[in-house]
1. Just by accessible area at a 1.4 angstrom probe, what is the order of Y395, Y276, Y426 from largest to smallest?
2. Report the gain in length on full extension from H48 to Q118: 0.36 nm times residue separation, minus Cα-Cα distance, nm rounded to one decimal.
3. Expressed as a fraction of 2.2 N^0.38 Å, the rule-of-thumb size for a compact globular protein of N residues, what is the C-alpha radius of gyration of region 3-73?
4. I'd like the carbon and sulfur percentage of the solvent accessible area for region 349-461, probe radius 1.4 Å, heavy atoms only, ligands and nucleic acids excluded.
5. With +1 assigned to the C-beta of every Lys and Arg and -1 to the C-beta of every Asp and Glu, and no other charges, what is the dipole magnitude of region 3-73 about the Cα centre in debye, to the nearest 20?
6. From the cross-link list K371/K444; K4/K35; K18/K46; K352/K438, which pairs have alpha carbons spaced over 20 Å apart?
7. Given the protein chains as shown and a 1.4 Å probe, how many square angstrom of F303 are accessible, to the nearest 10?
8. What does the charge count near E70 come to, summing +1 for each Lys or Arg and -1 for each Asp or Glu among other residues with Cβ under 15 Å from its Cβ?
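The values are calculated or read from the model by the stated rules, or taken from the named source; none is laboratory data. Treat the numbers as computed from the prediction; the structure is a model and nothing was measured. Reconstructed Cβ throughout: ideal geometry from the backbone, glycine too, with neighbour counts over all protein chains shown. To get the accessible areas, we keep the full protein, side chains included, count just its heavy atoms, and leave off ligands, DNA and RNA. Shrake-Rupley method; radii C 1.70, N 1.55, O 1.52, S 1.80 Å.
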Amino acid sequence: MEVKVTVLTPNGRRQNIKVTPNTTLLQILEDVCQKHGFVSDEYCLKHHNKEVSLSQMFRFSGLPNNCLLEMSQTNRKRIAATVDICIQLEDGNRHQAQFKPEDNLWQVVVKLGDGYIQSYENPVVIYTRQEIVGKQQMSETTLKSLGIIEGRALLRLLNKKPEELKTQANVYIAPAKKNAPKKTNVSEKPKSTNADAGGGGFSITRSLMQTLKKSSDQKNIGIEMRTSCSDNQTQNSEKLKYDWSSGVGRSMQPLQVQIGSNNNETETEEKNEPIYHIIGERCAIIYSLNEIHTHVEDLPDSFYDLTVNDLKLVLRDLKNIAAGNEDAPLVTERLRELRDNRTMLNKMSQYKNCVIRIKFPDRRVLQGMFKPIDKISDVIEFVRTFISKPAIPFYLFTIPPKTKLTLEKTLLELDFVPNALIHFSYEDEFENAGDCIKSEFLVKLTSLEGAIYAASKFRRTQRKPPDMEANNNVSNDDIQKPGPSTGAIPKRPRNDEVKKT
């Protein structure tokens with residue numbers, strides 16, 4: 001197929017230029033300027049009012065066939081500068097030097113590969129899928145014709161025959177299939193391919209679903225046998241009252257205690273409650289992370305094996321990813337603000353206090369209780385009473401990413417309800433070395449277990465009992481509805497009501 005481009009000149013004429021995939025855009029510009037008497041160094045080419053690079057070839061430019069290019073005058077004239085040329089030999093060595101764009105490839109090869117070019121019978125230079133074979137083609141090809149007019153370029157110098165260049169290297173040839181005797185069974189049924197198979201790497205067929213169901217039933221039987229044995233063992237073991245979870249300070253809510261438990265069991269559990277030391281206002285507690293010894297459990301290799309349930313979850317996730325959020329409704333900015341305000345109001349009605357933990361550079365953590373409407377300035381004043389150098393300026397931040405907290409923001413606005421972890425640092429980072437907390441408070445350290453227990457004890461939640469909710473639903477007409485919190489303007493009475501009064 002014939003490939004050509006149309007160039008619109010400054011004098012209003014259109015010039016058609018036949019190109020090949022290896023033709024550079026600079027060569028197109030020079031051909032047009034030569035026919036119409038323009039200086040190519042003073043113009044550039046634009047496609048849809050966007051300047052294109054003259055050094056690239058037509059195959060890599062992304063321009064379509066029969067495209068329209070426009071000549072535009074540049075602000076300053078292009079000046080020929082030296083370019084850095086690097087040649088890579090067959091043994092991997094590289095030689096580099098500076099050349100002018102008017103120099104040909106043979107001059108480059110002779111200068112950089114002087115010790116190797118004499119031993120090459122068929123020297124070949126490869127540059128961006130262009131192959132220049134022999135001394136004659138190299139002497140006729142300049143760096144400017146290849147589009148190398150500035151910057152750097154890497155060339156490969158090989159010793160190969162032109163016939164060997166057409167053969168592809170490292171081609172895999174499949175082994176011949178052996179004609180094995182086919183066993184004919186009457187019970188076998190012809191296999192049918194699933195035409196509705198997706199592009200996820202495998203297709204879901206009826207036989208696959210049947211095998212999944214059979215293996216899942218066998219798995220469920222084995223799981224029930226194991227759970228029955230484990231339930232008998234856990235009944236004899238002691239029952240934990242608090243869920244410490246796998247992470248540090250993630251869950252601070254007590255587990256549900258059975259109603260039919262004896263009073264003796266509750267008394268023993270109260271005696272086994274962890275000890276904590278309150279060292280100041282806002283139920284302040286200090287604990288150290290250096291005293292925590294984490295135990296990493298070695299899991300067997302069977303833990304990483306793919307089970308049937310895992311495969312079902314993978315299939316479900318693939319379906320969700322393929323479906324995407326096409327059915328999700330569009331939400332305006334006003335609706336998002338209303339949703340955020342609703343969540344903030346729900347948090348304020350549910351949590352009376354929130355747990356704020358401040359982590360110091362020495363891996364000690366200060367824990368305190370705050371109201372959701374408290375500001376960061378209140379947290380800073382709380383921290384100032386416990387640090388050893390209160391006169392030195394400091395700041396609080398969260399990670400990741402590292403963002404300094406502003407003093408005017410409230411804990412509710414920063415999404416620090418019901419709990420949050422904040423980091424402490426001095427303005428001068430050299431002051432972070434050593435103990436940041438006063439020595440008189442370091443004597444009264446609390447364990448991590450005690451800190452979590454104190455946080456769950458002092459942080460209370462407000463929930464409406466079911467009786468109050470039922471009473472509110474019964475007499476909705478008798479109760480007067482409150483107005484908006486922003487203070488609405490009362491309505492004016494009608495003329496009829498005024499006359500009656």
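1. Numbers: Y395 25, Y276 55, Y426 0 Å².
The ordering from most to least exposed comes out as Y276, Y395, Y426.
2. Working: separation 70, 0.36 × 70 = 25.20 nm, distance 4.91 nm.
Gain in length upon complete extension: 20.3 nm.
3. Details: Rg = 10.7 Å, N = 71, 2.2 N^0.38 = 11.1 Å.
Taking the Cα Rg and dividing by 2.2 N^0.38 Å, one obtains 0.97.
4. Values: 2870 of 5420 Å².
With neighbouring chains kept in place, the figure for region 349-461 is 53 percent.
5. Working: 8 positive and 6 negative charges, 69 e Å.
With only Lys, Arg, Asp and Glu charged at Cβ, the dipole is about 320 debye.
6. K371/K444; K352/K438
7. Result for F303: roughly 130 Å² accessible.
8. Numbers: positive: R13, R14, K46, K50; negative: E42, E51.
Net of charged neighbours comes to +2.
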